[in-house]
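Below: the structure, in structure tokens.
The values are calculated or read from the model by the stated rules, or taken from the named source; none is laboratory data. This one's a predicted model, so the numbers in the text were calculated from it and none came from an experiment. Cβ sites come from the backbone with ideal geometry, for glycine too, and all protein chains shown count toward neighbours.
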Amino acid sequence: MNVVEAEGLKKHYHRRKGLHRNRQLALHGLDLQVGEGEIFGLLGHNGAGKTTTIKCLLGLMRPSAGRVRLLGAEMPASRVLKSVGYLPESPYFYQYLTCRELVTFYAALAGVPASQRSERVNSSLLRTGMLAAADMPLRKCSKGMLQRVGLAQAIVHGPQLLILDEPMSGLDPLGRREVRELILELRREGATILFSTHILSDAEQLCDRVAILRQGSLAAAGRMDEILQVSQSQFELTWRQEGSSPPLLSGARQLAASQFQVQVAASQLWQALHVLQGAELISVQPLRRSLEEVFVASTASPTSASQLQEAPQ
Amino acid sequence: MKAISIIGGNTFKEAVRDRVFLGLLLFAVFVSGITLLAGQMSFGIDSGVLINSSLLAMTLIGVGVAVFFGAQLVLKEIERRTIYTLLAHPVARSEFVLGKYVGLLLTLGLNCFFMALLLWAALSLQIRGFHPGEWVVLTAIYFLFLELSLLTAWTLLFSSFATPVMAVVFSLAIFAVGSFTEDLRALARAGHAGLPRTLALATCYLLPDFSVFNISSRAAHFITVPARMIWLNSAYALLYSGFLLLMTIVVLEHREF
């Protein structure tokens, strides 16, 4: 079952420029499906349409065209949001509340019964590493702390679907690792997670599937292993050879005292293996593309932003 | 209904934790103290002056709270993007508007209650006992609360589309015009019959009539008000505020965040 389904999602913005009203396309008929229990990454440059997509999914914005279904219900549907947790980008919360008061407020709004509220609030603050600072006023919190409190309010009601807009932003490396672990833990508990990010290494480590947006369109989408498709045209050979003689294959780089590595074309693989017969072969691996390479290739756009603007109305 | 009470409680918390609100409350204590002191020191000042000046102070402080806090209610949530997390919960936009309104009414209610207590204490000291006509003072405070509720509904409507500064300006203008609606109506009636007079009269009837809530001169002389007036004023404030809140909901339903 798909937990998130978007079909032909379009969004136009109207921007005033003097007397003219320009219609700017933010999303171009986007199709998106996120299956139950998946960790789905929404990638793209600034302005690619990630946040607009998330806002359309949640009903904070009305799509100009297309339809959205969350957890099987046509959006906008307020009751579905009971089972959805959301962390906005660079969250800003009520400064006059403490961290605990804020998470309690959102727990109450999400319908957590009063008898369980205190326990659930403490548990979510603990999971996000904020229990020690639970009674700190939000106006005194750092950006990273606000991000953690934001995560705590998103998970306090045990949502089936978590939508996180740049969840790692503002976090230090340790914080990012903790959030990555939390996301994996939530998935193990049965949650489906959709998150947008700029940090490709996080997406690479976490996501089952990703979608790369470019100027409001889907530039690439698919399972991580499909996206980073294993290349059949290049292989990486690693071997160990005795003595201090030069590497058996030209172009090899030395990894350790007697250990070497080289990349060869598939057509030359058998020939290379034949040469290495006298050496100790450690590995033969097909080469993988990094997500960064895929991202750069997908987002290198021939269309400029100005081409997306339609005629003034 | 639950979301309204949760958002209302949070709005109330926001207001009472604000230094401006505390400052206004302190000012109320100061004004009441001055009035009481003047009453004690001067034989010329009677309970009527005390009631009149206290009701005036309550009106000014109440208008300050309604306009200052009301003008920021919706726009601050949008500008600071706290509305994202709020509306990503099972909260309808109508519940958001009503919650904000209820929160501010609670704040105004607390303010009126606190000032009524001060006035009651001052009156008790002044007339050394309880005057049966004091109930009309309570009615005057209730009417003031109705007046502030109506003003808050206007401010909330302005706050849904205008900047806080503009919302303050519009709200104060509505309060000023609404306080003289009766005179404006008389002026419109005095004109020559025709379309301009009809339009002027229609405008006067569309504007709020805050003067119906002002019974301070009756209260000062302990002249009771008929029960019918209490019902009519309550219905007027309720229906008018309800209409304004409906307009605010319509505006917000069409807004995107």
Complete set of residues in segment B:207-228 that are more than 18 Å from the chain's Cα centre (by Cα) and either at pLDDT 90 or above or not polar (S, T, N, Q) (or both): B:Arg218, B:Ala219, B:Ala220, B:His221, B:Phe222, B:Ile223, B:Val225, B:Pro226, B:Ala227, B:Arg228
Residue in segment A:112-122 that is at pLDDT 90 or above and either within 22 Å of the chain's Cα centre (by Cα) or facing chain B (nearest Cβ under 10 Å) (or both) present: no
Any hit, segment B:161-169, residues being closer than 21 Å to B:Asn233 by Cβ and either within 14 Å of the chain's Cα centre (by Cα) or in a helix (DSSP H, G or I) (or both): no
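Could you identify the single residue in B:Leu37, B:Leu25, B:Leu56 that is more than 14 Å from chain A (Cβ to nearest Cβ), at pLDDT below 85 and within 18 Å of the chain's Cα centre (by Cα)? Even if it seems obvious, please write down each step before you answer.
Working: B:Leu37 fails: within 18 Å of the chain's Cα centre (by Cα); B:Leu56 fails: at pLDDT below 85.
The match here is B:Leu25.
Kindly indicate whether A:Leu146 is within 12 Å of chain B (Cβ to nearest Cβ) and buried (at least 24 other Cβ atoms within 10 Å of the Cβ).
On the way: within 12 Å of chain B (Cβ to nearest Cβ): yes; buried (at least 24 other Cβ atoms within 10 Å of the Cβ): no.
Answer is no for this residue.
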Subset of segment A:4-51 that is surrounded by 15 or more Cβ atoms within 10 Å (Cβ to Cβ) and small (Gly, Ala, Ser) - its residue that is nearest to A:Asp208 (Cα to Cα): A:Gly41
Subset of segment B:212-228 (residues that are surrounded by 15 or more Cβ atoms within 10 Å (Cβ to Cβ) and not charged (D, E, K, R)): B:Val212, B:Phe213, B:Asn214, B:Ile215, B:Ser216, B:Ala219, B:Ala220, B:Phe222, B:Val225
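In the list A:Glu236, A:Glu166, which residue meets the criterion of being out of contact with any Gly (no Cβ under 9 Å at 6 or more places or on another chain), modelled with pLDDT under 90, surrounded by 14 or more Cβ atoms within 10 Å (Cβ to Cβ) and within 14 Å of chain B (Cβ to nearest Cβ)? Give the derivation first.
Values: A:Glu236 fails: within 14 Å of chain B (Cβ to nearest Cβ).
From the options A:Glu236, A:Glu166, the qualifying one is A:Glu166.
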Positions within segment B:88-113 being within 12 Å of chain A (Cβ to nearest Cβ) and of a type in the set (Val, Ile, Thr), in sequence order: B:Val91
Residues within segment A:72-89 that are farther than 16 Å from A:Thr53 by Cα and in contact with a Gly (Cβ under 7 Å, 6 or more places away or on another chain), tallied: 1
Residue count, segment B:69-119 (criterion: without any contact (Cβ under 8 Å) to a residue 24 or more places away in the chain, surrounded by fewer than 21 Cβ atoms within 10 Å (Cβ to Cβ) and small (Gly, Ala, Ser)): 0
Evaluation of B:Met1 against (1) away from chain A (no Cβ under 14 Å); (2) modelled with pLDDT under 80 (one fails), failing number: (1)
Complete set of residues in segment B:68-87 that are more than 7 Å from chain A (Cβ to nearest Cβ) and more than 14 Å from A:Leu58 (Cα to Cα): B:Phe68, B:Phe69, B:Gly70, B:Ala71, B:Gln72, B:Leu73, B:Val74, B:Leu75, B:Lys76, B:Glu77, B:Ile78, B:Glu79
Residues located in segment A:67-87, provided they are at pLDDT 90 or above and in contact with a strand residue (DSSP E or B) (Cβ under 7 Å, 6 or more places away or on another chain): A:Arg67, A:Val68, A:Arg69, A:Leu70, A:Ser83, A:Val84, A:Gly85, A:Tyr86, A:Leu87
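Considering A:Leu43, A:Leu30, which residue is under 14 Å from A:Leu218 (Cα atoms), in a strand (DSSP E or B) and touching an Asp or Glu at 6+ places or on another chain (Cβ under 9 Å)? Spell out the reasoning first.
On the way: A:Leu43 fails: touching an Asp or Glu at 6+ places or on another chain (Cβ under 9 Å).
Only one candidate passes the filter, namely A:Leu30.
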Single residue of segment A:84-111 satisfying the filter (assigned to a strand (DSSP E or B), crowded, with 23+ Cβ neighbours inside 10 Å and not hydrophobic (A, V, I, L, M, F, W, C)) that is nearest to the other protein chains (Cβ to nearest Cβ): A:Tyr86
